[in-house]
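Written out below as structure tokens is the structure these notes cover.
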Amino acid sequence: MEWDWNFVWEIMPTLLAGLKITILATVLGAAVAAVVGLIFAILRMTAPKPIARATGFIVEFIRGTPLLVQLYFIFFVLPDIGIRLPALMAGVIGLGLHYGTYAAEVYRAGIENVPRGQWEAAKATNLTGRQTWIHVILPQAIPPMIPALANYLIAMFKETPLLSAITVLELMNQAKSVANSSYRYIEPMTMVGVFFLIMSLISVVFLRWLEERYARVEER
Amino acid sequence: MAAPIIRIDNITKRYGPLTVLDGLSMEVLPGEKLALIGPSGSGKTTILRILMTLETISGGHIEVEGDQLYHMPKNGSLVPADDRHLQRMREKIGMVFQHFNLFPHKCVLDNVTLAPMLTKGVAKAAAEKRAMELLDMVGLADKAKNMPAQLSGGQKQRVAIARALALSPKIMLFDEVTSALDPELVEEVLNVMRKLAAETDMTMLLVTHEMGFAHDFADRILFFDRGKIVEEGKPDEIFRNPRQERTQTFLRKIIAAGHRV
């Protein structure tokens, strides 16, 4: 089998269209994960015991089952009870829920790492609960979280090909359809690999920079 | 005689099965400098923390300037205080902690200006002017732009004092403020407190193991043991002529451990 550059250029627009969807799914999935994670974290830390425990159970359940199964469930099983979602939306919700459980743990650890004395100093200087969160707790809790969150973002990006299983026309799915109709796999699959590699390498450089910037442990 | 600024009436504090304060009552006069001494675990720090509303109480009442601290009047009876009431009461009280608890992500100046700007709506320029005066008073005006991590323990504690003063509280609580400091840094913090005592009429409550300082600083000494006030009196009475055996034992131990009285 020979590498055919002409074929590469021919399928490039299709692949780029797929890449766009891949990136879109990653960005939207990350946004959902960020919010879902925050809700999980707050419920686990502040809600009354039964709710906190139920949240803990849900988080463990989501983490303990494969993302692919969850995607099938959202896209193929939910319609049985009348919830019909577009493929991309189902994919984004699946990614967001799954990675939201990981984000929740990062949030929780970050917030619990802020020493109790900071809460007390905020109270002693008469800040309200809201002011304490905004001006004292979160500014200290978030920077150490950033490298861990970015790590999950990269992991999620690399898992987006799973969305091809629920008909999302992301990069992998586009490459598969090109390959299936032309009977040539080498170019499309190589290009998918190359695209992911490039994006991952950029992300890794970015992550290093984030770690340099934020993860240094501050002396208190 | 003036009405007491703090009136603690029969308060109890329990942590699970452990009773830390057991039916404690005491009064503090406006402007009074009070030192609380006693073995660790005797409940003296707990009193400061309760006055700062960092703890809850299991029973009893506290009045600050005639207003209930943990309760508020509603339809003719007293109900537990809500956040707004606590917020209003906390305005009267400031606290300095053993471990400073400065905000590590903010520079010295911002540590001092944050609360006045947020809680009292003081404009930035005015808050900074006042903060610089206070930093000058504690001898750290030149460190205004430094981060807390760049300061020594003694400097951090002086910033913490300036931060508390910036809210102009009527009552200041000092919780073992020199205990976490290297010995050579203790004096610079004590000097600031002496200055504060001389220049203001703030009411000050001090929990300390520095007996020499307590003797010189306080108008009155309270000796605590096992959640109760065992003995109280003027510094000379307590340190030179303690009546209770437990006070005598405690002071002997402290002196044996090398503390100056």
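Just one of the listed residues (B:38, B:66) is in contact with a strand residue (DSSP E or B) (Cβ under 8 Å, 6 or more places away or on another chain), in contact (Cβ under 8 Å) with a residue 40 or more places away in the chain and either surrounded by fewer than 19 Cβ atoms within 10 Å (Cβ to Cβ) or of a type outside the set (Val, Ile, Thr) (or both), namely B:38. When residue B:27 is tested against the conditions (1) surrounded by fewer than 17 Cβ atoms within 10 Å (Cβ to Cβ); (2) touching a strand residue (DSSP E or B) at 6+ places or on another chain (Cβ under 8 Å); (3) over 18 Å from residue B:207 (Cβ atoms), the lone failure is (3). The single condition among (1) in contact with an Asp or Glu (Cβ under 6 Å, 6 or more places away or on another chain); (2) of a type in the set (A, V, I, L, M, F, W, C); (3) within 14 Å of another protein chain (Cβ to nearest Cβ) that residue A:142 does not meet is (1). Condition test on residue A:178, is it under 19 Å from residue A:27 (Cα atoms) and either in contact (Cβ under 8 Å) with a residue 24 or more places away in the chain or not in a helix (DSSP H, G or I) (or both)? Here the answer is no, as residue A:178 does not meet what is asked. For the stretch B:84-98, the candidate set comprises residues that are surrounded by 20 or more Cβ atoms within 10 Å (Cβ to Cβ) and either more than 21 Å from the chain's Cα centre (by Cα) or touching a residue at least 40 places away in the same chain (Cβ under 8 Å) (or both); within that set, the residue that is nearest to residue A:114 (Cα to Cα) is B:97. Of the residues making up the stretch B:22-59, those that are more than 19 Å from residue B:239 (Cα to Cα) and among the hydrophobic types (A, V, I, L, M, F, W, C) are B:24, B:26, B:28, B:29, B:47, B:48, B:50, B:51, B:52, B:54, B:57.
Sub-9 Å Cβ pairs linking a first residue in the stretch A:41-65 that is under 23 Å from residue A:142 (Cα atoms) to a second residue that is loosely packed, with under 13 Cβ neighbours inside 10 Å and hydroxyl-bearing (Ser, Thr, Tyr), at least 6 apart or interchain, are A:52/A:46, ordered by first then second residue. The strands (runs of 3 or more DSSP E) located wholly in the stretch B:71-163 that include 1 or more residues which are of a type outside the set (Gly, Ala, Ser), farther than 17 Å from residue A:136 by Cα and away from chain A (no Cβ under 14 Å) occupy B:71-74, B:77-80.
Of the set (1) in a helix (DSSP H, G or I); (2) over 30 Å from residue B:55 (Cβ atoms); (3) hydrophobic (A, V, I, L, M, F, W, C), all apply to residue A:169 but (1).
Return yes when residue B:138 is crowded, with 20+ Cβ neighbours inside 10 Å and either touching a residue at least 40 places away in the same chain (Cβ under 8 Å) or of a type in the set (D, E, K, R) (or both) and no when it is not. Yes: the conditions hold for residue B:138.
No value in this document is a laboratory result; all are computed from the given coordinates. Since this is a predicted model, take the numbers as computed values, not measurements. Glycine also receives a Cβ, built like all others from the backbone with ideal geometry; neighbour counts cover every protein chain displayed.
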